[in-house]
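One structure below.
The values are calculated or read from the model by the stated rules, or taken from the named source; none is laboratory data. Because the structure is a prediction, the values reported are computed rather than measured. Note that each Cβ is placed from the backbone with ideal geometry, even for glycine, and that neighbours are counted across all protein chains shown. Ligands, DNA and RNA are stripped out before the accessible areas are found, and what is left, the full protein with its side chains, is counted by its heavy atoms. Shrake-Rupley method; radii C 1.70, N 1.55, O 1.52, S 1.80 Å.
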Amino acid sequence: MKHDKIERNLGLLMVLTMLAISVGGLVEIVPLFFIKDTVETVKTADGKEMIRPYTPLELRGRDIYIREGCYTCHSQMIRPFRDEALRYGHYSLAAESKYDHPFQWGSKRTGPDLARVGGKYSNDWHVQHLIAPRSMVPESVMPNYPWLMSPLDTSDIADRMSALRITGVPYSKGEAEYRQNVQTFGEEVAKMLRIEDAEANLRAQAVSGNYDNNPNDITEMDALVAYLQVLGTMVDFSKFDDDYFVQFR
Amino acid sequence: MSDNASKNTTGHVWDEDLAELTNPLPNWWLWAFYITIIFSVVYWIIYPAWPMGKSFTKGMGNTITYVNNKGETKTTHWNMRAKLMKETNEAVAAQKPWFDKVAATPFEEISKNAELMQFVQSAGKTLFSENCAACHMAGGQGKLGLAPNLVDDSWIFGGTYEKIQETITIGRHGIMPPKGGSQINDEQIAQVANYVLSLSGEPHDAEAAKAGDAIFHGEGMCAACHGPDAKGIPEMGSANLTDKIWLWADVPGAPDQVAKVKAVSEVITNGLSRGKMPAWGGRLSPEQIKVLTVYVHDTLGGGK
């Protein structure tokens, strides 16, 4: 029997198993690179991209979000169901996580979805809530994160951005890339994406934003709250018909 | 067992008498398997499924028709986003008469209409729990150091329907600079703190309060924002300092006069900028905000 041969030959079995499994991957993943509509077009009236890469401070916040494992309890993916739309707002777009490496969609919701938490609460609320969730929501099971009030290491931010640049996030090195970003995102955003100015930009945003209500230090809290406050706020849905994003599916 | 083994086994024998049967699969199992295959073929035909070059099969005989916010009727292949549009249309249509009625009825009339109030109470409660309770707490009682009480009769920004509606739509951010922007020293701060405590009948040092009175209305510049009567100015969101309601200085929690003076002095020394009420105009529809306004004014109570 042929099957016998496969089962008795470990190397062959492994190769064939791998081939069989990769068919599923190839059929599901590869076409997404060719189907143009997968990632929606989200532009302002004057042709600028609404969705931009994170600023240096927000990016540091995102890294802390991942370090602390917030994704083990929080998803960032509002699915196109009515109950989710009512509770969390507009469904998430593929385009909204195009600069996320890795994306934070998740599927475990011990806490609420955070895809559109930006602007929902004040900075002060987030700070108090992260330090001691039960002081704000008595029945919460979210852990305390008091150590987020410690100073933020800003020295390696340029390296972090350079790494993401390799994966295709348009953080710019040099004038040519910067000018390209000015065209794509506008000057204000493009300035924030310059790897040369990363640390200075990070510090400036933390100082002017003062997210942690502590004007003297730049803390991890500054970064994390800046990140939470930008989540889901880049697309201005009022600029589109309410069915504009249907055509991309 | 041994009979079986001699007939239908794989031929391997382990540990002297352990063999593996090769009986055919049960029929019910086999048929369930065939049915799932047939199901998937039917599914591929009806629903969007197979990638084809730059596009994909859109599903046959399975379209969704919905109306968008411009009133255009559109028909498209089955997909979750269109389905959501359609379901939202239907749900909105069911709630629309109610929201329309709320939108068309003047505030004062809504509270007199029992039927409308019932709608406001249930819709308002849901909206409040999801969006407001995190700061104002589930019953609207607020929390010291975080967000004001919405149940009482005291309003920082004004308690009329119109003012509450404005508060919710555009948000609020009352700011007090350190020392009220003046140059008063620590001793003067303690004096003015004593004066502030005297206004609401809290324990205080009468002599210091007298000196504080002069500072409040003079050098300290407090009266400019809190008003000469210290009752607060709604346009600025400055606190009424003559009532027993404290939002930032933990006067009620302080055990004695010294601690109370310290609590108030700290607020004066550091100033305030933490009290930020987010703007909801971009998140909630005008109708939802109107429902919330009536909910805050009439259900939570204390409109003035």
Contact list please: Cβ distance under 7 Å, first residue in segment B:17-38 and touching a residue at least 12 places away in the same chain (Cβ under 8 Å), second residue aromatic (Phe, Trp, Tyr), pairs at least six apart or on different chains.
none
Kindly indicate whether any position in segment B:195-204 is touching a helix residue (DSSP H, G or I) at 6+ places or on another chain (Cβ under 9 Å), buried (at least 18 other Cβ atoms within 10 Å of the Cβ), not in a loop (DSSP other than H, G, I, E, B) and not hydrophobic (A, V, I, L, M, F, W, C).
yes
Selection within segment A:128-139 - farther than 23 Å from B:Ile168 by Cβ, within 10 Å of another protein chain (Cβ to nearest Cβ) and surrounded by 14 or more Cβ atoms within 10 Å (Cβ to Cβ)
A:Ser135
With respect to B:Leu150, determine if the residue is of a type in the set (A, V, I, L, M, F, W, C), under 25 Å from B:Gly281 (Cβ atoms) and without any contact (Cβ under 8 Å) to a residue 40 or more places away in the chain.
no
Quick one: B:Ile170 ticks every box in (1) within 14 Å of chain A (Cβ to nearest Cβ); (2) under 28 Å from A:Arg87 (Cβ atoms); (3) surrounded by 16 or more Cβ atoms within 10 Å (Cβ to Cβ) except a single one, so which number is it?
(3)
Looking only at segment B:130-142, which residues are open to solvent by 70 Å² or more (accessible area, probe 1.4 Å) and either in a helix (DSSP H, G or I) or of a type outside the set (S, T, N, Q) (or both)?
B:Ala138
Taking segment B:144-165, which residues are within 15 Å of the chain's Cα centre (by Cα) and within 14 Å of chain A (Cβ to nearest Cβ)?
B:Leu146, B:Ala147, B:Pro148
Please specify each residue of segment A:100-127 satisfying the condition of being closer than 20 Å to A:Phe237 by Cβ and crowded, with 20+ Cβ neighbours inside 10 Å.
A:Asp113, A:Leu114, A:Ala115, A:Arg116, A:Val117, A:Lys120, A:Tyr121
Kindly provide the set of residues from segment A:79-121 that are of a type in the set (A, V, I, L, M) and more than 8 Å from chain B (Cβ to nearest Cβ), ordered by number.
A:Leu86, A:Leu93, A:Ala94, A:Ala95, A:Leu114, A:Ala115, A:Val117
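Could you please find all residues in segment A:231-243 being more than 23 Å from the chain's Cα centre (by Cα) and open to solvent by 30 Å² or more (accessible area, probe 1.4 Å)?
Here is the first cut: in segment A:231-243, the residues more than 23 Å from the chain's Cα centre (by Cα) are A:241-243.
Selection gives A:Asp241, A:Asp242.
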Among (1) modelled with pLDDT under 95; (2) in contact with a Lys or Arg (Cβ under 7 Å, 6 or more places away or on another chain), which single condition is A:Glu139 missing?
(2)
Quick one: B:Ala114 ticks every box in (1) outside the structural domain of B:Ile175 (by TED's automatic domain parsing); (2) under 24 Å from A:Val117 (Cα atoms) bar one, so which box is it?
(2)
From B:Leu241, B:Leu284, which residue is part of a loop (DSSP other than H, G, I, E, B), within 14 Å of another protein chain (Cβ to nearest Cβ), more than 17 Å from B:Lys143 (Cα to Cα) and touching a residue at least 24 places away in the same chain (Cβ under 8 Å)?
B:Leu284
Unique match (being outside the structural domain of A:Lys98 (by TED's automatic domain parsing) and closer than 30 Å to A:Gly186 by Cβ) among A:Val27, A:Val42, A:Val23:
A:Val42
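Do the conditions hold for B:Pro234, that is, is it closer than 20 Å to B:Leu150 by Cβ, part of a loop (DSSP other than H, G, I, E, B) and away from chain A (no Cβ under 14 Å)?
Details: closer than 20 Å to B:Leu150 by Cβ: yes; part of a loop (DSSP other than H, G, I, E, B): yes; away from chain A (no Cβ under 14 Å): yes.
Yes.
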Residues of segment A:197-223 classified as part of a helix (DSSP H, G or I), open to solvent by less than 40 Å² (accessible area, probe 1.4 Å) and of a type outside the set (D, E, K, R), total:
8
For segment A:47-60, does any single residue satisfy the condition of being free of Cβ contacts under 8 Å to residues at least 24 places away in the same chain and not assigned by TED's automatic domain parsing to the domain that holds A:Tyr171?
yes
